[in-house]
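Below you'll find the structure, written out as structure tokens, and then a few comments.
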Amino acid sequence: MITEKESSRFFREHRVDFAVAGGGMAGVCCAITAARLGLKTMLIQNRPVLGGPSGSECDCDADGRIVGGASQYGNRNAKETGILEELRLEAAYRYQHGWRNHWSILLREWCEKEQSLKLLLNTEVTGVKTEGNRIVSLSARTLGSELNHIVHAPLFADCTGDAFIGCEAGAEFRMGREARAEFGESLAPEVSDNIVLGSSIFFRAVDVGHPVKFVPPEWACRFEDEDSLCYRAHRDISKGYYWIECGAEHDTIADNEAIYRKLLSILYGVWDHIKNHGDHGAENYAINWISNVAGKRESRRLTGDYMMCEKDIVKHTEYPDAAAYGGWNLDLHPVKGIFSREPPSGPPNAIMCPGVYQIPFRSLYSGKIDNLMMAGRNISASHVALSSTRVMGTCAVCGQAVGAAAFLMTHHQTSAREIARAHAEELRYLLYRMDHTIPGIVNADPLNLMGTALAEADSAMPLRICGATEMQPLTGNCPNTQVVQFFLNSEDFLESAFFLLENTGTEPEKIHAELVRRENSGDISCEIPVAGADSIIPRGIHEVEFRFNAEMEKNTRCAIRLTGTEQVRIALQKRYLPGCHKKIKYSGDNKNYCFRLLPEQFPFQAENVLNPENRPRQRNCIWISEPDAGLPQNLTIRFPHAVCCSSLEIVFDTNLDAVSPYIVPPECVRDYSVEAECNGQRIGIAEVKDNRQRFRVHDFPGKEYHAFHLKIKSTWGDPSARIFQIRVYRSRFIPASTVKEYSATLHGQSGTESQRWWKETKP
């Protein structure tokens, strides 16, 4: 019999400012953000590890890209930053031989080092107590320790994936596919149903150095010929595969364990095929790890004040309350999963490369429960839209937005709806101070003191042909690979473009080049033709000129489309140049074409660090030093009049196109120093070695300063110094005082953008 004393020993009562349920990437980024902003935060996770599908229990890093998102399918400069990038870069520094279990341990470490964050692992939320339209507490139980918890909080975030908190609280939700007519979605069925995106299982295999047998269990599926795995590529036998998928026709919550059992039978069947049916080079291979849980793509979706749908993603809808972004394809997968005779991803179940799009804050909170927000695969989106927003990188940035919003709600003592209505600008500025980017938004931070500053550097790299590393055909299976995008920023006209091309044939070949202007980066549907030019290429490698003589405006986003024959190839240079890139890229391919322009362009000047953007969306906004000049390189920020400040923020380049997590990007600055100039004297404020982060903040005594001097001593491999942005502030990012300043600045105006919009539209 348990005594009253023993009973109390197994009971814990917690009172926090913000409770987050679910420890996937959305929950982790949400909780860390809130804690760093000063909220007493609790993160409750029903697993022993953090990370959700990216964690060691599922490990869906099937192709080397962990926590994939907007940067993976043709979207340049789209890699998610903020806390997610901070975690990825630290992991790349520590674990260069692979992530595996290390990733979940790093996530735990990052949570536990936040003083304002309490982490409960192996803890299942068992109940939700409400009063009216508000949640007042959660009940939970920690498995293995018999601890029972009551968590009281004024604000909650449902990052559980299955939307358990919202469901228990009585929030409105959806599960299944909407009818086509409801949102006019081309990928939706004619009639609504209960079908969801399926679940997957993953494995890893190793070469053990000698032949090993595999005897499939009786319950394994049979895939005895290549046709039985139609469209399922299985050439890489060391890991995989996302297409080991089923469960779309079942209840992915109630039938979760049955789905996992079926996935096991499919996996063993696939491995039996690889080992015992045909020559797959697998004689010495053995499976050494299998996912412990099913990688679930969809279940409940909570309903917010706005429900995203297909058109929002395809047409890149802009929102006054934009708080995050995505960029994955609309990727539904066939209903029957591996048993379908359709490709596992792509048409007819997908719209490829939709481009980077905004996510409104109104899709990140419940429309019915006043103090409930959500992030992850349970946000307010249709089934079709969720096929894009569900990926982990997008979930992570949504989580960071929700964490920042929780702080604003606490500071202003208001609702999430009021944040969307009246404080959207404040939310974006706070996120921006944490290197969280929202596409289409120029963050002219009113507290940034760089408005009158001038920048100068030892050198700057011009746009030129730096030498070829490899050649790529102009034609092929992906015709868009012959498109190069750039910003015309040095002159108001374009005379010529030069490309390094090779004619592998025996006869001269004619190549056509079309110059177009683009309204949106990476969106080929918004091209405006400007001029065309032809050139004849003799046999061999040549620098080929295309004369356009086109009148253009400065800072114009342009592209050149080359059309040739199978005999003509274009050279690629190894270096990654932000803003001067191919339209389409492949996994790990972030190289640029070898090209230059006439008049000569200087897109990477020192003054770019003063731009209000921290990635090239509307213009080139990065300083890159002349590589031939070597390192160190010096950059000076000078003010015409002394400014009173005490905090400096630097945004380095960590290759916003990179998808491989296993190395620190070579473009990242490694060793540097910062000095402040006051009354003609230099004061050292930072001496940094082995930096591996994109975003750094340096504090120093508050005085009036005339200049700041940065010395870039080394990088992780690139011969140039690279900096996207430098910002100077009167004070460090201290949440309460900073938000007060933002509020005074923004709301002292005659109605902010979001306020004006709110008067004209319904939430």
Point to revise | Number of the exception - Ala157 against (1) surrounded by fewer than 21 Cβ atoms within 10 Å (Cβ to Cβ); (2) modelled with pLDDT of 95 or more | key: (1)
Check your understanding: Scanning for something within 33 Å of the chain's Cα centre (by Cα), surrounded by 14 or more Cβ atoms within 10 Å (Cβ to Cβ) and without any contact (Cβ under 8 Å) to a residue 12 or more places away in the chain, does the range 170-190 turn up at least one residue?
Key -> yes
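Looking only at the range 109-138, how many residues end up being at negative phi and touching a strand residue (DSSP E or B) at 6+ places or on another chain (Cβ under 7 Å)? So that I can check it myself, show each step before the final result.
Let us first name the residues in the range 109-138 that are at negative phi, namely 109-121, 123-131, 133-138.
Now restrict to residues that are touching a strand residue (DSSP E or B) at 6+ places or on another chain (Cβ under 7 Å): 111-112, 116-120, 123-130, 135-138.
Looking only at that region, the number is 19.
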Practice item. Output the qualifying pairs, or none if there are none: Cβ atoms under 7 angstrom, residues six or more apart or on different chains, first residue in the range 19-36 and within 9 Å of Cys159 (Cα to Cα), second residue basic (Lys, Arg) and surrounded by fewer than 24 Cβ atoms within 10 Å (Cβ to Cβ). Key: Gly23/Arg47
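Conditions tested, residue by residue: (1) modelled with pLDDT of 95 or more; (2) more than 30 Å from Pro462 (Cβ to Cβ).
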| residue | (1), (2) |
| --- | --- |
| Ile685 | yes, yes |
| Lys689 | yes, yes |
| Arg692 | yes, no |
| Phe695 | yes, no |
| Lys703 | no, yes |
| Phe708 | yes, no |
| Ser714 | yes, no |
| Ser720 | yes, no |
| Ile723 | yes, no |
Exercise for review: Could you tell me whether any residue of the range 304-320 is surrounded by fewer than 24 Cβ atoms within 10 Å (Cβ to Cβ) and assigned to a strand (DSSP E or B)?
Suggested key: no
Check your understanding: For the range 28-72, which residues satisfy the criterion of being surrounded by fewer than 24 Cβ atoms within 10 Å (Cβ to Cβ), modelled with pLDDT under 90 and part of a helix (DSSP H, G or I)?
Key -> Gln72
Revision key, fill the gap. Residue hits (the range 200-216; farther than 17 Å from Ile290 by Cα and of a type in the set (Asp, Glu)) are none
Review point. Of (1) in contact with a Lys or Arg (Cβ under 7 Å, 6 or more places away or on another chain); (2) buried (at least 20 other Cβ atoms within 10 Å of the Cβ); (3) modelled with pLDDT under 95; (4) not hydrophobic (A, V, I, L, M, F, W, C), Gly269 satisfies all except one. Which?
Key: (3)
Check your understanding: If the Cβ limit is 6 Å and pairs must be 6+ apart or interchain, which residue in the range 260-281 that is more than 17 Å from Val212 (Cβ to Cβ) pairs with which residue that is assigned to a helix (DSSP H, G or I) and aliphatic (A, V, I, L, M)?
Key -> Ile266/Ile338
Exercise for review: Output the number of the condition that Glu519 fails; it satisfies all remaining conditions of (1) surrounded by fewer than 16 Cβ atoms within 10 Å (Cβ to Cβ); (2) modelled with pLDDT of 90 or more.
Suggested key: (2)
Revision key, fill the gap. When the range 240-253 is checked residue by residue, the ones that are more than 12 Å from Trp271 (Cβ to Cβ) and of a type outside the set (Phe, Trp, Tyr) are Glu245, Cys246, Gly247, Ala248, Glu249, His250, Asp251, Thr252, Ile253
Check your understanding: Residues in the range 538-556: is at least one modelled with pLDDT of 85 or more and within 30 Å of Tyr357 (Cα to Cα)?
Key -> no
Point to revise | the range 232-247, subset small (Gly, Ala, Ser) and part of a loop (DSSP other than H, G, I, E, B), residue modelled with the lowest pLDDT | key: Ser238
Exercise for review: Quickly run through the range 208-231 and pick out the residues that are charged (D, E, K, R) and outside any loop (DSSP other than H, G, I, E, B).
Suggested key: Glu226, Asp227
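The values are calculated or read from the model by the stated rules, or taken from the named source; none is laboratory data. This structure is a prediction, so every number in the text was calculated from the model and none was measured. Cβ atoms come from the backbone with ideal geometry, glycine included; neighbour counts cover every protein chain shown.
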